[in-house]
1. Long-range amide H contacts for Val22: which residues qualify at under 5 Å (H placed 1.01 Å from N, peptide plane, sequence gap of 5 or more or a different chain)?
2. Which order do Phe47, Phe13 take by accessible area at a 1.4 Å probe, largest first?
3. Return the FRET efficiency for the residue pair Arg59, Ser37: r is the Cβ-Cβ distance, R0 is 35 Å, and the value is rounded to the nearest 0.05.
4. Could you please state how large a percent of the accessible area of segment 79-120 is carbon and sulfur, counting protein chains only and using a 1.4 Å probe?
5. In straight Cα distance, which lysines are under 27 Å from Lys33, not counting same-chain residues fewer than 8 positions off?
6. Quick one: which residues, 5+ away or cross-chain, put their amide H under 5 Å from the amide H of Thr3? H built at 1.01 Å from N.
7. Tally Lys/Arg at +1 and Asp/Glu at -1 over every other residue whose Cβ is under 15 Å from the Cβ of Leu28; what's the total?
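The values are calculated or read from the model by the stated rules, or taken from the named source; none is laboratory data. This is a predicted model, so every value here is computed, not measured. Note that each Cβ is placed from the backbone with ideal geometry, even for glycine, and that neighbours are counted across all protein chains shown. Ligands, DNA and RNA are excluded from the accessible area calculation, which covers all protein heavy atoms including side chains. Shrake-Rupley method; radii C 1.70, N 1.55, O 1.52, S 1.80 Å.
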Amino acid sequence: MVTAIDGNAIGSFSDMQRVVSVHPGDKLTFTVKRGDSTLQLQGTPEFKEVKDAFGNVHRLGVLGITRATNPGDVLTERVNPATALWLGVKETWFVVDRTLAYIGGVFTGREAADQVGGPLRIAQISGQVATFGVAALVPSRGGAVDFDRAA
């Protein structure tokens with residue numbers, strides 16, 4: 001199981017996806033726990049253009065690692081209101097940080113401007129997300145990663 005990336009703790013597969021997706025081409029150090037031992041592995045996310053269920057193209061880093069799909073590997077964690085507030089702040093900060101990084105990337109030429117949209121595009125995406133329901137908006141917790149099964 002991946003426990004940290006570049007020294008930063010990873011609490012779920014979704015946490016790992018976030019770190020990897022925003023670091024295409026960057027060498028990352030993964031701390032992996034296997035049984036009683038801990039080892040360091042290095043990997044460089046590959047830059048990919050991925051289409052979502054609505055046909056929107058997203059540019060992100062990928063490693064070719066998949067989430068374990070065993071029913072017992074995914075857990076729902078109940079938290080108190082203060083922790084929920086803190087997790088909401090962290091989630092909001094992530095969105096703001098990635099938005100500003102993208103805008104900066106457009107101005108420096110590292111990102112394409114074709115992903116930028118106005119109010120109509122926002123409404124379109126919101127409608128698409130709404131078809132998935134509330135569960136699509138809530139990050140999942142848990143999910144083991146097995147590097148032996150990496151694609």
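1. HN-HN under 5 Å from Val22: Gly61.
2. Largest accessible area first, the list is Phe47, Phe13.
3. Calculated transfer efficiency: 0.45.
4. The nonpolar share, carbon plus sulfur, comes to 70 percent.
5. Lys90
6. For Thr3, whose amide H was placed from the backbone, the distant partners under 5 Å are Thr31, Val32, Lys33.
7. -2
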